[in-house]
Amino acid sequence: MIFSGLRQLTSVNHRHSLRRIVSGWVLTLIATLSCVLFLGMPSALAGINDDNFDGNIYALYGGNGSLVPAKDTIVSALQRSKPALLVFFLDDSRDSKQFATVVSTLQAYYGRAASFIPVNVDAIPIKSTYTPQEPGYYYQGVVPQTVLLDQNGKVVLNEKGRIPFEKVDDVFREVFNLVPNTESKQLKQKAFNEFNTELAR
């Protein structure tokens with residue numbers, strides 16, 4: 001009788017210690033997998049300061065996804081006697097990503113009076129020659145590249161790399177025969193919900 005009680009006690013202790021060992025291994029395995037999956041992966045694979053692809057740069061960094069795809073062509077802009085701003089870009093170019101905010105700001109000021117034509121250089125067909133009605137005619141192998149055609153199709157600006165808003169703004173002002181920025185009065189935009197005292201009279 002003493003021996004049977006001792007056998008039961010030994011088998012209970014053996015099962016209990018086996019459970020502890022198995023549960024310890026399971027917890028170790030879960031902790032290891034968690035570290036590998038969550039801590040070992042970067043939080044983002046692309047950003048504005050790298051050359052990785054992460055989607056439509058005008059929607060992501062310029063705050064204006066309506067620019068791409070372009071709503072206009074060089075031909076249609078010139079038929080309507082509108083200036084055309086061509087911006088050559090790549091979605092996986094740091095400089096193009098950083099220049100997207102400038103293009104969006106320009107469109108906010110001149111989007112109704114001029115045609116904005118962003119051109120992804122990967123989409124330019126490879127040909128031996130281009131006509132002046134095709135974006136490939138103006139492309140010089142660098143992104144970003146900004147080309148402004150006046151109402152008659154004459155190139156009035158052709159710059160490579162990121163350029164400041166003011167440089168393009170000055171040329172737009174010449175094209176539209178506006179007062180230069182240095183002589184113009186700074187306008188304050190009204191807030192959307194601002195009370196209009198003229199209507200209250």
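The values are calculated or read from the model by the stated rules, or taken from the named source; none is laboratory data. In this text, all values refer to a predicted model and were calculated from it rather than measured experimentally. Please note: Cβ atoms are built from the backbone with ideal geometry, for glycine as well, and neighbour counts cover all protein chains shown.
Points worth noting:
- Selection within segment 51-65 - at pLDDT 85 or above, small (G, A, S) and touching a Phe, Trp or Tyr at 6+ places or on another chain (Cβ under 9 Å): G62
- Residue match in segment 135-145 (condition: more than 26 Å from E166 (Cα to Cα) and in a loop (DSSP other than H, G, I, E, B)): no
- Set side by side, the residues T131, T182 differ, and just one is outside any helix (DSSP H, G or I), touching a Phe, Trp or Tyr at 6+ places or on another chain (Cβ under 8 Å) and without any contact (Cβ under 8 Å) to a residue 12 or more places away in the chain, which is T131.
- If you check A77, A100, A113 for being in a helix (DSSP H, G or I) and over 17 Å from the mean Cα position of the chain (by Cα), only one passes: A77.
- Residue ID - nearest to Q107 (Cα to Cα), chosen from residues in segment 48-64 that are of a type in the set (S, T, N, Q) and under 9 Å from the mean Cα position of the chain (by Cα): N64
- Boolean, Q151 is closer than 26 Å to N177 by Cα and assigned to a loop (DSSP other than H, G, I, E, B): yes
- Hey, A77 exposed (fewer than 15 other Cβ atoms within 10 Å of the Cβ), of a type outside the set (S, T, Y) and in contact (Cβ under 8 Å) with a residue 24 or more places away in the chain or not: no
- Scope segment 141-169; condition surrounded by 15 or more Cβ atoms within 10 Å (Cβ to Cβ), within 25 Å of the chain's Cα centre (by Cα) and among the acidic types (D, E); matching residues: E159, D169
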